[in-house]
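The values are calculated or read from the model by the stated rules, or taken from the named source; none is laboratory data. None of these values were measured; they are calculated from a predicted model. Quick reminder, even Gly has a Cβ in these numbers, built from the backbone with ideal geometry, and neighbours come from all protein chains shown.
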Amino acid sequence: MSAGMVIRRLGGGLLVLWLVSILTFLLVQLIPGDVAEVIAGENATVAEVSRIRIELGLDKPILEQYSSWFVGILQGDLGDSLFTNRSVADTIIEAAPPTVIITLMAIVVAVVIGVTAGIVAGLTQGSWIDRSVSALATLGIAMPSFWLAMVLVSVFALANPWLPATGYVDIREGFGEWLSYVILPSTALGLATAAELARHTRGCVADVLTRPYVRTARARGASGVWLVRRHILRNAAIPVVTVLGLQAGRLLGGVIVVEAVFGISGLGSLAINSVLQRNYPMIQGYVLFSAVIVVAINLIVDLAYGWINPKVRTA
Amino acid sequence: MTTATQSARPRHVIRTLLRQPASATAVGFIAILVFFAIAGPFVYPHDPEVQDLGNRFAEVSWTHLLGTDEFGRDVASRIIQASRIAVTAPLISVGVALLIGLPLGLWAGLRRGAVDAIAGRLADTILSLPALVAALAIIAVLGPGLVNAMLSIGIIFAPGLFRVVRGATLAVAEETFVDSAVAIGSSTRRTLWVHILPNIAAPLLVQVTILMGVALLVEASLSFIGLGVQPPDASWGSMLKAAYTNQFHSPFAVVPSGVAMVLTVLAFNTIGDSIRDAVGLRRRT
Amino acid sequence: MTAGPGQRSDAGAAEPLLAVKGLTIDLPGGARQRGLVEDVTFEVRKGQAVALIGESGCGKSLTSMAILGLLPAAVRVAAGSIHFDGVDLLTCNRKQLRKVRGGPVGMVFQEPMSSLNPTMTVGDQIAEVRRLHLGERRSVALKEASKLLSRVGIPNADRRLGSYPHEMSGGMQQRVMIAAAIACDPKLLIADEPTTALDVTIQAEILELLRDLRRDLDLAVLLVTHDLGVVADFCDDVVVMYAGHIAERTPVDRLFYEPQHPYSSALLAAVPQAGRARTSLTVIPGRVPSAGHFPGGCRFEPRCAHSVEDVCRRPQADTAIADDRRTRCGRVASGDLILKGTVRG
């Protein structure tokens, strides 16, 4: 992909982020009634309410509020939590690692299982393997990740004490230990995406197989692994990468609930608690952070797309 | 377009749905679900609200077909009771989404201009956020609870429906018959009802059916993390939360409500896919 | 092959390079089984150019695909044999067939754009053939690919190795296809409508290239085409196909003097001739019947200008009328019908 194209995509991503920042800002303005009173709660004193009002800058005109808030964001200042008085940015960065790691591992699970199953199904169309993959994929798409998480816990942690049922340890505590905590959540989270990917990959492989260039490759004597690797996979990967990008958002949402099942204190529990406590600066920070991750993933997907598809690279 | 228009006739769609075993089963399942939702109180084996603390976590038996929960309530009856939310929650969410997305999409597709530009940008922005994250943000404003959860899901679905409606309207509006209808003096409203709506019905119907299943999943997720249905109301999601809390005592408890949910989502997806095939739209491969 | 040189050349003279015998291709499916190609027999000798000609839907492309076992999955060869260099390609094992594909038999397809892999450089696609058949390393194979690109008339070959198909014109793409097809010095080149998708001026260039290669490499060519104009100055023999059958087989020069099947003469009449004013556009009335709807008698009968009751309502046999000529028209074979060519002999 040309440098101009990268810059255009980057610009598009930044524009989206800017629009998200406006929506996030307006979120607090949309709260019915006096925001400061709502946040402070019913039993708050007048002094507390006015403290919150000043803290959030609610006494100033709306444009001024937004511009000072936006300038803060640009400097990495997302404000402070209403309850702990710690900075939102620090709290989010502290809570992020398990969430980000489980999401990334879920992507790995999804790609490894989904793409492999899809390729095999696409290459053996009509076989029992193909039919089982299709049936499992249909089921997987209909299955909520948090229910799958509970079933996995029942089977692999409660009925058989193979893996821990809850919690999370940092990778610095040892790779095996870390992996034993990460396997179940990331599998639960990733399987639905794996199902979606398997479906798409199967369709793409089936489509590529009918293309004349595959016949040409056969006419040159290519077959087996050579044919699949050089002629089928790369062409089938082009649409699959796009689907993976679309699934990123689903994973970032699903991880909230999966974290709750496994009692992992990451961004998910931070978000849930912030909503329950009406900790608005924290929610705003969380939404913005999520948007940044989605935009970043889509940018990576765009780059990967360009890398795989020469028509985009040289266009 | 003409072939799609002809095959989109309701009779054709219904016939195709009922002819294939998979989609016929799905339609039957949803019919039973709707029956349970309406006739619930008349078909409960037990009163779903009555607690029997001496009989907590009872095993599956003839008296309690799916056992009892942590308060000794009959699980089968509670599943039936919760089917009411399983039917109404997606209906309300998708209804809200339609209320926002349909008129805006029609307007944007027909008139383009500022409405199209602004609504389009807004839709892109909301769609750039993960659905559940956006739902959390909206619930933060509205407050937790079933109605607010359904509203927030509706708001999140609106941009997707807006895009579908706008795209289909744009395609239909470029067809010559709309031009000629306008040329013979048809009013905008008449153009909409007679020419455009019947032609965007097919893609809209597919999208709506699929969204019903997604709405159920998101509702369950929100209820599970405590932001949707509040106790003592029963939804499959809140039942799952209770079952989760007691997973050590009764591992089986996660099965009934979970399976009910998976089957329902599966049914909606199957119907959606069948309609898509029946009206000759491209399958999402 | 332990035979001495003398024996080898004797065998070569007796045995054609490619011998297709009684080839029958159908679309299986129980009661709805349909014959697509029936009882097709022809030969290509070493260095010879043979044309398979007919309107689209006649089965000529299927016949050419069947040679290298490249038929679509739904279709199968029901009967017949295809011998190449003494080996039956229909019964040999997969490994033998793979060695033939791209090795002694090269193939060029109709649409160069969709027949080239869009995600692979043209250099790699040509080099692939040598890597597969000669086990050359990529760097070595790419050097050879560069020579091949020059050979097929692409300037700046070294630079062009790294190009992708979409960066080239249709004519260039077809040259790349040809370069890959001749990468391992084949004895036979199968060209399935190689010029159909190209502009007229480019068509002439590609034919010129094929003619050069034929001369320089002593290449036998099986040219599948619907264009009689191409056939006239490129081929030695012509096989005219109609509705899954061979209508007529003949040396090309004789075809224009005295066609031996009403379908051949109708095709000839439909070709615009230089120096002959055409007052009306001559086309064959009707269309090629689709598989499963072939008439019970002579398959061309419904469209034939010379059809008579009785004789033409019966199935026609493939009959030899000279050493090198066969026809499937009963009236011609019996001397009842004498057709006129477009060239006076």
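The table below gives the values:
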| item | result |
| --- | --- |
| So C:PRO194, is it in a loop (DSSP other than H, G, I, E, B), under 19 Å from the mean Cα position of the chain (by Cα) and not polar (S, T, N, Q) | yes |
| Residues satisfying the stated conditions in the stretch A:97-121, i.e. surrounded by 17 or more Cβ atoms within 10 Å (Cβ to Cβ) and within 21 Å of A:ILE256 (Cα to Cα) | A:PRO98, A:THR99, A:ILE101, A:ILE102, A:THR103, A:MET105, A:ALA106, A:ILE107, A:VAL109, A:ALA110, A:VAL111 |
| Members of the stretch C:94-116 found to be facing chain A (nearest Cβ under 7 Å) and either within 15 Å of C:GLN174 (Cβ to Cβ) or in contact with a Leu (Cβ under 7 Å, 6 or more places away or on another chain) (or both), listed by number | C:ARG101, C:GLY102, C:MET107, C:PHE109, C:GLU111, C:SER114, C:SER115, C:LEU116 |
| Residue match in the stretch A:294-309 (condition: over 30 Å from C:GLU167 (Cβ atoms) and facing chain B (nearest Cβ under 9 Å)) | yes |
| Any hit, the stretch A:85-97, residues being away from chain B (no Cβ under 14 Å), in a helix (DSSP H, G or I), among the charged types (D, E, K, R) and over 13 Å from A:GLY285 (Cβ atoms) | no |
| Qualifying positions in the stretch C:131-153 - within 10 Å of chain A (Cβ to nearest Cβ) and either surrounded by fewer than 19 Cβ atoms within 10 Å (Cβ to Cβ) or within 21 Å of C:ILE190 (Cβ to Cβ) (or both) | C:LEU132, C:HIS133 |
| Helices (runs of 4 or more DSSP H) wholly inside the stretch A:235-315 that include at least 2 residues being touching a helix residue (DSSP H, G or I) at 6+ places or on another chain (Cβ under 8 Å), of a type in the set (A, V, I, L, M) and at pLDDT 85 or above | A:267-277, A:280-308 |
| From the options B:VAL206, B:VAL265, B:VAL218, residue that is closer than 26 Å to B:LEU151 by Cα, touching a Leu at 6+ places or on another chain (Cβ under 7 Å) and more than 11 Å from chain A (Cβ to nearest Cβ) | B:VAL206 |
| Residue among A:LEU30, A:LEU26, A:LEU17 that is touching a residue at least 60 places away in the same chain (Cβ under 8 Å) and not charged (D, E, K, R) | A:LEU17 |
| Yes/no for A:VAL182 being buried (at least 21 other Cβ atoms within 10 Å of the Cβ), part of a helix (DSSP H, G or I) and either away from chain B (no Cβ under 12 Å) or aliphatic (A, V, I, L, M) (or both) | yes |
| Among residues of the stretch C:214-245, those that are part of a helix (DSSP H, G or I) and either surrounded by fewer than 19 Cβ atoms within 10 Å (Cβ to Cβ) or out of contact with any strand residue (DSSP E or B) (no Cβ under 8 Å at 6 or more places or on another chain) (or both), counted | 6 |
| Residues of the stretch A:25-37 classified as exposed (fewer than 15 other Cβ atoms within 10 Å of the Cβ) and either in contact with a Gly (Cβ under 9 Å, 6 or more places away or on another chain) or part of a loop (DSSP other than H, G, I, E, B) (or both), total | 4 |
| Listing of helices (runs of 4 or more DSSP H) fully contained in the stretch B:37-151 that carry 2 or more residues being of a type outside the set (D, E, K, R), free of Cβ contacts under 8 Å to residues at least 40 places away in the same chain and within 14 Å of chain A (Cβ to nearest Cβ) | B:113-127, B:131-142 |
| Of all residues in the stretch C:48-71 being more than 14 Å from every other protein chain (Cβ to nearest Cβ) and over 24 Å from C:ALA320 (Cα atoms), the one that is surrounded by the most Cβ atoms within 10 Å (Cβ to Cβ) | C:GLY57 |
| Cβ-Cβ under 6 Å pairs, at least 6 apart or on other chains, the stretch A:218-246 side more than 7 Å from chain C (Cβ to nearest Cβ), far side surrounded by fewer than 21 Cβ atoms within 10 Å (Cβ to Cβ) and small (Gly, Ala, Ser) | A:VAL241/A:ALA304 |
| Residue check, C:ALA74 within 14 Å of chain A (Cβ to nearest Cβ), under 19 Å from A:PRO212 (Cβ atoms), over 19 Å from the mean Cα position of the chain (by Cα) and of a type in the set (A, V, I, L, M, F, W, C) | yes |
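Per-residue answers, yes or no, for (1) surrounded by 17 or more Cβ atoms within 10 Å (Cβ to Cβ); (2) among the hydroxyl-bearing types (Ser, Thr, Tyr); (3) in a helix (DSSP H, G or I):
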| position | (1), (2), (3) |
| --- | --- |
| A:ILE39 | yes, no, yes |
| A:ARG53 | yes, no, yes |
| A:ASP59 | no, no, no |
| A:TYR66 | yes, yes, yes |
| A:ASP77 | no, no, no |
